[in-house]
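Structure first, commentary second.
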């Protein structure tokens, strides 16, 4: 079954999938005892109430990011899911992107060595939203990616935003996250930029890697670049201390996939096996919202360092 307030959208769904029943009232889906799981793809401020209602009606839930707008709401949903013995999968879809999976493998295999820092850029001219600001719209993707890559939630954040197009919502944000072991990550998100960019760079003491989701030649560039300390004679003290080493650039063959399809298949597999969707479960969703909440607090305080709690 599919619920939408638009008859036009329901007609389109019917044309694509003739066996799917279309309804304008989502409660008809939740009351249907033959349905085991639901997918919630609605405006962010409705996530909490809809997920709560679905869990109350004994449905497993796949919810678009973020899980909710408040930390307390995420915690309530997590507790309710445990009580009802139902699973929540949060739609942090980039965890299923093959390029991001490559980054994770490089880190697990020690290919990059010790990581110094990382940064990401997610910009475009639009699309503009009117329910949340650019940080809440775009940063959940990058936060979920970095949490996945570094197996952790940030310990503190600082951030600045700017309202360029109107007085109510920030159109851009610059965010600094500190992960355990003094690992710094910077995130730049914007609705007001000349180019659509989806990039992440991770710098290690052995190698460096960049992911570009829009690069047709391949999303991954592995740079055999690092800095060595040397005792060999050089003209200046700076050269004596540090020497850059530049090797080859590797573009591995990354078989592209459809992350949304992979995410949905993962959800179905978890349902069939009755196992928790650990990649993007309610706790992972909570970690992202805790971080978003801290970032917003820092933005409101003009960049003050805020602990993620």
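Residue check: is residue 263 closer than 27 Å to residue 153 by Cα, in contact with a strand residue (DSSP E or B) (Cβ under 7 Å, 6 or more places away or on another chain), at pLDDT 95 or above and assigned to a helix (DSSP H, G or I)? Spelling it out, residue 263 is indeed closer than 27 Å to residue 153 by Cα, in contact with a strand residue (DSSP E or B) (Cβ under 7 Å, 6 or more places away or on another chain), at pLDDT 95 or above and assigned to a helix (DSSP H, G or I). Taking helices (runs of 4 or more DSSP H) as the structural unit, those lying wholly within the range 1-98 and holding at least 1 residues that are within 27 Å of the chain's Cα centre (by Cα) correspond to 47-56, 71-84. Applying the condition of being in contact with a strand residue (DSSP E or B) (Cβ under 8 Å, 6 or more places away or on another chain) and assigned to a loop (DSSP other than H, G, I, E, B) to the range 167-214 and asking which residue is nearest to residue 296 (Cα to Cα) yields 170.
To keep it simple, each residue is scored yes or no on (1) closer than 24 Å to residue 179 by Cα; (2) exposed (fewer than 12 other Cβ atoms within 10 Å of the Cβ); (3) over 17 Å from the mean Cα position of the chain (by Cα).
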| residue | (1), (2), (3) |
| --- | --- |
| 261 | no, yes, no |
| 264 | no, no, no |
| 272 | no, yes, yes |
| 275 | no, yes, yes |
| 280 | yes, no, no |
| 285 | yes, no, no |
| 293 | yes, no, no |
| 296 | yes, no, no |
| 305 | yes, no, yes |
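Restricting the range 116-149 to residues that are touching a helix residue (DSSP H, G or I) at 6+ places or on another chain (Cβ under 7 Å) and in a strand (DSSP E or B) leaves a set whose member that is farthest from residue 177 (Cα to Cα) is 122.
Let's see how each residue does on (1) on the phi > 0 side of the Ramachandran plot; (2) at pLDDT 95 or above; (3) surrounded by fewer than 17 Cβ atoms within 10 Å (Cβ to Cβ):
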position: 49; (1), (2), (3): no, yes, yes
position: 58; (1), (2), (3): yes, yes, yes
position: 87; (1), (2), (3): no, yes, no
position: 93; (1), (2), (3): no, yes, no
position: 110; (1), (2), (3): yes, yes, yes
position: 118; (1), (2), (3): no, yes, no
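Of all the residues in the range 217-238, those that are surrounded by 10 or more Cβ atoms within 10 Å (Cβ to Cβ) and either modelled with pLDDT of 80 or more or farther than 19 Å from residue 205 by Cβ (or both) number 11.
The values are calculated or read from the model by the stated rules, or taken from the named source; none is laboratory data. It should be emphasised that the depicted structure is a prediction, and the values quoted were computed from it without experimental measurement. Note that each Cβ is placed from the backbone with ideal geometry, even for glycine, and that neighbours are counted across all protein chains shown.
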